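Reviewing the structure listed below.
The values are calculated or read from the model by the stated rules, or taken from the named source; none is laboratory data. Just so it is clear, the structure is predicted and the values come from calculations on it, not from any experiment. So basically every Cβ, Gly included, is an ideal-geometry build from the backbone, and we count neighbours across all protein chains shown. Only protein heavy atoms, including side chains, enter the accessible area calculation; ligands, DNA and RNA are left aside. Shrake-Rupley method; radii C 1.70, N 1.55, O 1.52, S 1.80 Å.
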Amino acid sequence: MHLLLINGPNLNLLGQRERDIYGSATLDSIERDLQIKAKDENVSLECFQSNSEGAIVDCIHNAINKIDGILINAGAYTHTSIAIRDALLSVHIPYVELHLSNTYAREEFRHNSFISDKAIGLVCGFGETSYELAMRGLLNVLRKVKK
């Protein structure tokens with residue numbers, strides 16, 4: 001089984017930016033830990049990060065016929081990008097939306113997500129653990145479908 005983790009804008013600055021909200025873990029450390037957990041689950045995990053909406057859309061398109069499930073922390077694009085939503089819907093790959101912070105406990109504009117209504121799940125507010133929880137949930141669903 002092959003999974004794709006997509007991280008959106010500013011997540012490359014984790015560990016440096018707004019530690020009170022996002023914690024001190026870097027994106028590299030989160031991805032490294034998740035790679036280990038994926039290996040323990042006998043799945044491959046490809047990681048991608050971009051600050052560019054178009055690059056994220058291209059990455060989603062390139063997942064067709066290669067990826068079984070997507071984990072996506074679209075960052076601020078969660079609240080603004082119809083293009084990323086359309087890309088996710090176009091490829092017909094199950095996905096889980098995730099966030100480090102509880103977006104519903106933050107500014108009002110962060111309460112709206114263009115991608116959550118079509119996601120198989122949403123995990124937010126557990127810091128770096130959100131990534132592991134999202135992957136476990138996605139694998140649960142994918143494995144039930146394959147039975």
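With a 1.4 Å probe and every protein chain kept in, tell me what percent of the accessible surface of the stretch 1-102 is carbon plus sulfur.
So the carbon and sulfur contribution to the accessible surface is 46 percent.
Fully extending the segment from Ser44 to His79 would add 9.7 nm, taking 0.36 nm per residue of separation and subtracting the current Cα-Cα distance. Going through (1) 12, 44, 33, 10, 1; (2) 11, 35, 28, 16, 8, 2; (3) 11, 46, 36, 6, 0, the figure that equals P(r) over Cα pairs in 10 Å bins from 0, in percent as computed for the structure here is (3). If R0 is taken as 22 Å, the Cβ-Cβ distance between Asn10 and Phe126 corresponds to a FRET efficiency of 0.70.
In the chain, the DSSP-assigned H stretches of four residues or longer account for a calculated mean residue ellipticity at 222 nm of -11500 deg cm²/dmol, using -39500 (n - 2.57) per stretch and the full residue count as denominator. With all protein chains kept in place, the per residue accessible area of the chain amounts to 51 square angstrom at a probe of 1.4 angstrom.
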